[in-house]
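Novice: Pasting a structure here, questions to come.
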Amino acid sequence: MKDSKVLKQKSEKLKRKISNIPLKHVKIIKMSKNQPQEQKEPYKIKSNSINQTTIKVMRETKGRLNKLKEYERESYDQILRKMLYVLNMCRQNPEKAKNILEEISKVIKREKEFKKEDIE
């Protein structure tokens, strides 16, 4: 009972913070029915795949992957897909790849600031 009360309070606090975010920080994507989502963010997956495997990475690598997360629940698969997409884009169009990296960096920075405010 106590846990649900605490969870409810945190939820309300988060709702208040979200409602105070200026619109300039909110990205609204308007998509038509004919435009598939892959064109906006081709590195994101639509659904869970049955074909999964395990890879071993060092703790340092895991920490570096965690720093690349745009949001808390982003999977390692999504991070790796994003990295591969940007790498391929560097070969094809370096300027576009630079813009993508800058956008990702802004999102990560904004997420860190939001977490910092939540802690305080």
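Bear in mind that the values in this text are calculations on the coordinates, not laboratory data. No experiment lies behind these values; they were computed from the predicted model shown. As a convention, Cβ positions derive from the backbone with ideal geometry for all residues, glycine included, and neighbour counts pool all protein chains shown.
Novice: Tell me, what HN-Hα J-couplings in whole Hz come from the Karplus equation 6.51 cos²θ - 1.76 cosθ + 1.60 at θ = phi - 60° for each residue of the stretch 94-101, using x for Gly and Pro?
Specialist: Taking θ as phi minus 60°, the curve returns x, 5, 5, 4, 4, 5, 4, 4 Hz for the stretch 94-101.
Novice: What is the stretch 71-120 by shape, rounded, prolate or oblate, if you read a ≥ b ≥ c off the alpha carbon gyration tensor as root eigenvalues and call it rounded for a/c under 1.5, prolate for a/b larger than b/c, and oblate otherwise?
Specialist: Working: a/c = 6.35, a/b = 1.88, b/c = 3.38.
It is oblate, given that a/c is not under 1.5 and a/b is not larger than b/c.
Novice: Same structure again: I104 to Q9: extension gain in nm, 0.36 nm per residue of separation minus the Cα-Cα distance?
Specialist: Result: 31.1 nm gained on full extension.
Novice: Separate question: Could you sort out which of K62/K106; K5/K116; K82/K116; K69/K116; K5/K115; K69/K109 sit more than 18 Å apart by Cα distance in this structure? Each step should come with its number before you reach the end.
Specialist: Details: K62/K106 21 Å; K5/K116 23 Å; K82/K116 25 Å; K69/K116 16 Å; K5/K115 21 Å; K69/K109 10 Å.
Check vs 18 Å cut-off fails for K62/K106; K5/K116; K82/K116; K5/K115.
Novice: Which distance in nm do the two modelled labels at V86 and E72 give, with both placed 7 Å along the Cα-to-Cβ direction?
Specialist: About 2.3 nm, to one decimal.
Novice: How would you order 60-66, 82-88 from highest to lowest mean count of nearby Cβ atoms within 10 Å?
Specialist: Working: 60-66: 11.1, 82-88: 14.4.
Top of the packing list down: 82-88, 60-66.
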